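The values are calculated or read from the model by the stated rules, or taken from the named source; none is laboratory data. These numbers were taken from a predicted model, which means no experiment stands behind them. Because the Cβ atoms are built from the backbone with ideal geometry, glycine has one as well, and the counts that use them run over all protein chains shown.
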Amino acid sequence: MRILVLLAALLAAPPALGAQAIALSVEGLARSSDAVVRGQVRKTAATLSPDGRRIFTLVDVDVASTWRGDARRTVQVIVPGGVVGNIGQRVDGAPSFAEGEEVVVFLQRAEASGFRVAGLAQGKFQVAGTFATPDVAQLRMVARQVQAGERPAEAMSVAELERRVRSVP
């Protein structure tokens, strides 16, 4: 009987979120970014770090428009985690990308002329039609860092997202 009760409790338990983050505003993400771009994911490829201990996924994004900063026609985003052969590594809080996906990405300069996503997964929005949604399903927000008049990184229209990004001096 105890085993059945324990099994029922385990099955009823909600999944644990693996990463904690401070909820940032769209404007805060823009201020901390070297570039903000809208584009389409052309290619993803996972690779091992030089020491062979970590896996990174290299994401090539064809830029349709640059909302902030300077960006080339294609940017390479370096995301921790991925699968190389039969070895996988997951990094909680890292955004996920799929080939063909339309995105808005808040970028910080990284090594090898690439970029990293600002604010963990909060800095990657998936675009579907006229709507943009941040990739925050696996993040647990522990605090809010949103100034008066600003809006957190949450689902909104693409036009509103662009307006908020461009409003940051």
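Per-structure values
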quantity	calculated
Selection within segment 77-117 - closer than 17 Å to Val63 by Cα, outside any strand (DSSP E or B) and among the hydrophobic types (A, V, I, L, M, F, W, C)	Phe97, Ala98
Matching entry among Val63, Val36 (being closer than 17 Å to Pro95 by Cα and part of a strand (DSSP E or B))	Val36
Subset of segment 81-100 [surrounded by 13 or more Cβ atoms within 10 Å (Cβ to Cβ) and not basic (Lys, Arg)]	Gly81, Gly82, Val84, Gln89, Val91, Asp92, Gly93, Ala94, Pro95, Ser96, Phe97
Residues (closer than 13 Å to Val36 by Cβ and surrounded by fewer than 19 Cβ atoms within 10 Å (Cβ to Cβ)) located in segment 128-161	Val158
Hits in segment 102-124 (condition: of a type outside the set (Gly, Ala, Ser), farther than 16 Å from Arg72 by Cα and in contact with a Leu (Cβ under 6 Å, 6 or more places away or on another chain))	Gln122
Cross-chain or 6+ apart pairs with Cβ under 7 Å, segment 118-147 first and modelled with pLDDT under 85, then of a type in the set (Val, Ile, Thr)	Val142/Ile22; Ala143/Ile22; Gln145/Ile22
